[in-house]
Every structure is written in C-alpha cells, then in structure tokens.
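Okay, structure first, notes after.
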Amino acid sequence: LGRKEVAVLVNEVKKDNPIVVDEVLNGDKRKFSYGEIEKILQGLLAEKVSIRNMVTILEAISNYGIITGNTWELIEKVREALGLQICMQYADSDRKLRVLQLSQDWSEKILEHAQYPSDGSRPYVAFDPVDGRAWIKSVSAAFGRVQALGYMPIIMCVSPVRQLVHSAIEREMPGVVVISEKEILAAGNNIGLEVLGEITDEGGR
C-alpha cells in the first residue's frame, strides 16, 4: 500500500462522500496528507484489519484528527469505529467472541514500562529481563489453557494498553490478536462475549 493506492481509495470515497474527504484533506483545524493517511491504513493492515470501509475510516480520522495528530492514537480510534467489523472477524459461527482477559496488574505494569518515542514512532514496552520473562510465561500459560479447549487465543484488554500489548508479544507469538474493550463495546448486541480465562502475573488461571 503506497500513496498512489491511498489516493485512489480516497478518490473513490470522494465520488459519493465528498464532504468526508474534504474534512480530512482540508479541515479547518487539521489537514491530513496522503502520507499520514497511508501510515494509518498500514497500521490497520499490519494487524489484518480490512480497510474496505474507507468511509468509516476517514470519518474517524476527521472526528479525532482535531484532538490528536498522533498516528498510533488515530489507529486506535479508527479500530474502535470498526469495532463490529473487527469482532465479527474473530467471532465463532454463533457470533460469540471468546477471549482471554488481561489482568489489571499486567495492564498497570505495561503502562509503567511504556515508551512513547518523541519522533512519533510506534509506542512499545521496555520490560526489564525479569518482567519480560514473566510476561511471556504468563501469556504462554494462559494461551495453553485456551488452546486446550480448542479455541484460538484472543487477548482482550483496556484501550490504553491494546497497542502496547500487541507490540510486547508479537515477536514471540506472531499473529496474536489483541482487541480492546472499546472495540467490543462498539459491536454492541451484535456480538456475544465469553471470557475463557485471565492473563495474570501468576501465569493465568
């Protein structure tokens, strides 16, 4: 996905929704370049989120672009707008999403070790070696329990740590799915939720 492709996608939306496109490209308070839109779309695609619903994506960029210009924060806002689509992607045939919940202890520890680069690059978690090993051990133990039940492990966590959780685990467990509670709330009654277990600092239960 390059800027040429982004321009094509945006121009397709412009045919039926010119106001949305104008708000994004020529907003009074914030104007987005094709390059900035490209980074947001690439961030979605990196976690296998479809970008076919470009109207909703551009609407979210327009709505929250006046609040923040940070690519990673905008990706989260777009994901929340696409909450139903994302949840349906991972729900079972009975429209039920089965997840592992991240404990409050781990959420707090992740936030404590969070790093937000000044150059605007992706936030990450800087665990020390001991905490890093404990983190992977906790996730692996919880994953094992879910897989033993025949389900694909999906992590559910609070919105402020979703991206951090993904970055802290993708190297050891590539392709892991991490969903925030706001994305699930956006799906509303269209999705049922079943919590299969919890990722805790004792290794999950």
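The values are calculated or read from the model by the stated rules, or taken from the named source; none is laboratory data. Keep in mind that what you see is a predicted model, and the values were worked out from it rather than measured. We place every Cβ from the backbone using ideal geometry, glycine too, and count neighbours over all the protein chains shown. Only protein heavy atoms, including side chains, enter the accessible area calculation; ligands, DNA and RNA are left aside. Shrake-Rupley method; radii C 1.70, N 1.55, O 1.52, S 1.80 Å.
Assorted remarks:
- In order along the range 12-23, the phi-based Karplus estimate (6.51 cos²θ - 1.76 cosθ + 1.60, θ = phi - 60°) of 3J(HN,Hα) comes to 5, 5, 4, 4, 10, 9, x, 5, 4, 5, 5, 4 Hz; Gly and Pro are listed as x.
- Accessible area ranking (1.4 Å probe, heavy atoms, ligands and nucleic acids excluded), largest first, for Ser138, Ser62: Ser62, Ser138.
- For Ile199, the residues whose amide H sits under 5 Å from its own are Gln101, Leu102, Ser103, ignoring neighbours fewer than 5 places away on the same chain, with H placed 1.01 Å from N.
- With a simple spin-label model that places each label point 7 Å from the Cα along the Cα-to-Cβ direction, the separation between Asn63 and Gln42 comes to 2.6 nm.
- Cβ charges +1 (Lys, Arg) and -1 (Asp, Glu), total dipole of the range 98-186, debye: 300
- Percent carbon-and-sulfur accessible area, the chain, ignoring ligands, DNA and RNA, probe 1.4 Å: 50
- Remark on Ile154: its backbone amide H falls under 5 Å from those of Leu100, a criterion applied only to residues 5 or more positions apart or on other chains, H modelled at 1.01 Å from N.
- Cα-centre dipole for the chain with unit charges at Cβ (Lys and Arg positive, Asp and Glu negative), debye to 20: 440
- Area of Glu112 that stays accessible when all protein chains are in place (1.4 Å probe, Å², to 10): 140
- Unit charges on C-beta of K, R, D, E only; dipole of the range 19-67, Debye: 120
- Gain in span if fully extended, Glu108 to Glu5, counting 0.36 nm per residue against the direct Cα distance: 33.1 nm
- Average accessible surface for the chain: 53 Å² per residue, computed with a 1.4 Å probe over protein heavy atoms with every protein chain in place.
- The heavy atoms of Lys137 offer some 150 square angstrom of accessible surface to a 1.4 angstrom probe.
- Distant-in-sequence amide H partners of Gly192 (H built 1.01 Å from N, under 5 Å): Lys96, Leu97
- Potential lengthening of the chain between Gln147 and Asn53 amounts to 30.7 nm, from the contour at 0.36 nm per residue minus the alpha-carbon distance.
- Residue-by-residue Karplus 3J(HN,Hα) for the range 187-200, coefficients 6.51, -1.76, 1.60, Hz, glycine and proline x: 6, x, 6, 6, 10, x, 10, 10, 8, 7, x, 9, 8, 10
- Fully extended contour minus Cα-Cα distance, from Ile136 to Glu170, at 0.36 nm per residue: 11.2 nm
- Candidates Asp28, Asp92, Asp131, ranked by Gaussian network fluctuation over the chain, Cα under 10 Å, top entry: Asp28
- For the range 144-151, 3J(HN,Hα) computed residue by residue from phi via the Karplus equation (6.51, -1.76, 1.60; θ = phi - 60°) reads x, 5, 5, 5, 5, 7, x, 10 Hz, glycine and proline entered as x.
- When shorter helices are ignored and each DSSP H run of at least 4 residues is given -39500 (n - 2.57), the per-residue value for the chain at 222 nm works out to -16000 deg cm²/dmol.
- Applying Stokes-Einstein at 20 °C and 1.002 mPa s to the Kirkwood radius of the range 114-204, computed over alpha-carbon pairs, gives a translational diffusion coefficient of 150 µm² s⁻¹.
- Ratio Rg/Rh, restricted to the chain and using Cα atoms, in which Rh is the Kirkwood radius: 1.00
- Calculated over the range 14-95: convex hull of Cα atoms, volume per residue (Å³): 90
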